[in-house]
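Participant: If you scroll down you'll find the structure; I have some questions about it.
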Amino acid sequence: MDNNGTYSWTPNGDSGKKAGKKVNLKRLGKIVLAAAVVLALLIGAGTCFYTVDDKQQGVVTTFGKVTNITDAGVHFMLPFGIQQVKKVDVNVYQKIELGYTTDPYGDYNVNGSESTMITGDYNIVNVDFFVEYKISDPVQYLYSSNDPELILRNLIQSQVRNVVGSSTVDSVLTDGKENIQMQVKDLVTKILEEYNIGLTLVDVKIQDAEPPTQDVIEAFKAVETAKQQAETVVNDAKAYQNAKLPDAQAQADKLTQNAEYLKQKRINEAVEQVAMFQAMYAEYARDPQITRSRMYYEAISEILPGVKVYINASSGEGEDVQMLLPLETIVGGN
């Protein structure tokens, strides 16, 4: 090696006839250092970007402190562990099965320790619940509690037993299921709003409810069958009513129109009679004697249509004139 850091060497057997190869150690060190820097930059560039899909949100922490929440897309972050990202499924409905489990093949397996409950009237029932929830706050979900799903499961189970324990066995097994579901959902929602573990309850459904013995099961099935038959009869009656109602309405309209016609007819006849009376009265006012005679003769003709009427046309007693006139020649009779 010389003073410039160059190392000379001669292979064995050459006897110094060939010049030894010289290697510059400083130059080699610079090349290795540059390669290491390039490799580190490539690794850092690979960790500077991350992708969030449309069902997720990314929670970004800088030195362990939450600094940002990102939505779907490609995003930049500081490399080498300065910033880290945890992706949370916020737009996905997740489920909890209480009292039963379903395996990947769809088989229904009962969990008696969760499903068996006592009602308010001291009866034992088996009730299975299906619960849907989603993550509403990714930061609270990640950092406010250790296991938010387990907390939600225990909370739902507690409120289910509370509501079922204040209900009768009839309401649990028959017509009170919807009310029980609403009560459980309201109670759990209020507690989640108070403690805020980043979860929101979407829906609560009673998957199945039945008494523990077969005899009681058959009795409640009979009750349900009777209720369904009653609903069928009521629906049939309503259908019959809807079918007959238009005909009845049409008949009622026809009777109403006929009554209106008769009413108007009577009114018209009354108006006509009034007009005739007023016209007759006007004639009577002008010449009462002639009008009375004419009315008398017309009445006799109407009462006795076949009789011959003679009019005394004498102007006084003792006059030798014809005293009677045939009425039919006057009124145009035969």
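All of the numbers you see were taken from the coordinates with simple rules; none came from a lab. Computed from a predicted model, the values in this text were never measured in an experiment. Neighbour counts are summed over all protein chains in view; Cβ atoms, including those assigned to glycine, are modelled from backbone coordinates with ideal geometry.
Participant: Could you list, in their original order, any pairs among 65/205; 177/238; 185/221; 55/177 whose Cα atoms are separated by more than 29 Å?
Facilitator: Over 29 Å Cα-Cα: 65/205; 55/177.
Participant: Straight-line reach from residue 244: which aspartates and glutamates have a Cα under 17 Å away, not including same-chain ones fewer than 8 places off?
Facilitator: Qualifying aspartates and glutamates at Cα under 17 Å: 236, 253.
Participant: Can you sort 80, 130 so the residue with the fewest Cβ neighbours within 10 Å comes first?
Facilitator: 80, 130
Participant: What is the distance, in nm, between label points placed 7 Å from the Cα along the Cα-to-Cβ direction at residue 108 and at residue 193?
Facilitator: 3.4 nm
Participant: Right, another one. Need the full-extension length gain, residue 294 to residue 101, defined as separation in residues times 0.36 nm minus the C-alpha distance. One decimal, nm.
Facilitator: Stretched out fully, the residue 294 to residue 101 stretch lengthens by 58.5 nm.
Participant: Taking Cα centroids, how far is the stretch 177-207 from the stretch 114-128 in Å?
Facilitator: If we compute the Cα centre of each part, the gap is 19 Å.
Participant: Still on this structure: Which ordering of 201, 262, 187 is given by a fewest-first count of other beta-carbon atoms within 10 Å?
Facilitator: Listed from fewest to most nearby Cβ atoms, that is 262, 187, 201.
Participant: Hey, fewest Cβ within 10 Å first, where do 77, 280 land in order?
Facilitator: 280, 77
Participant: Another question, then. Would you report the distance distribution of C-alpha pairs in the stretch 46-107 as whole percents per 10 angstrom bin, up to the bin with the largest distance?
Facilitator: Spelled out per bin, shortest first, that is 20, 37, 19, 16, 8.
Participant: Once the Cα gyration tensor of the stretch 95-212 is diagonalised, what are the square roots of 5 times its eigenvalues, in whole Å and ordered largest first, as equivalent ellipsoid semi-axes?
Facilitator: Taking √(5λ) for each Cα gyration eigenvalue gives 26, 17, 11 Å.
Participant: Would you calculate the separation in nanometres between label points at residue 248 and residue 284, each defined as 7 Å from the Cα along the Cα-to-beta-carbon direction?
Facilitator: Those two pseudo-labels are separated by 5.3 nm.
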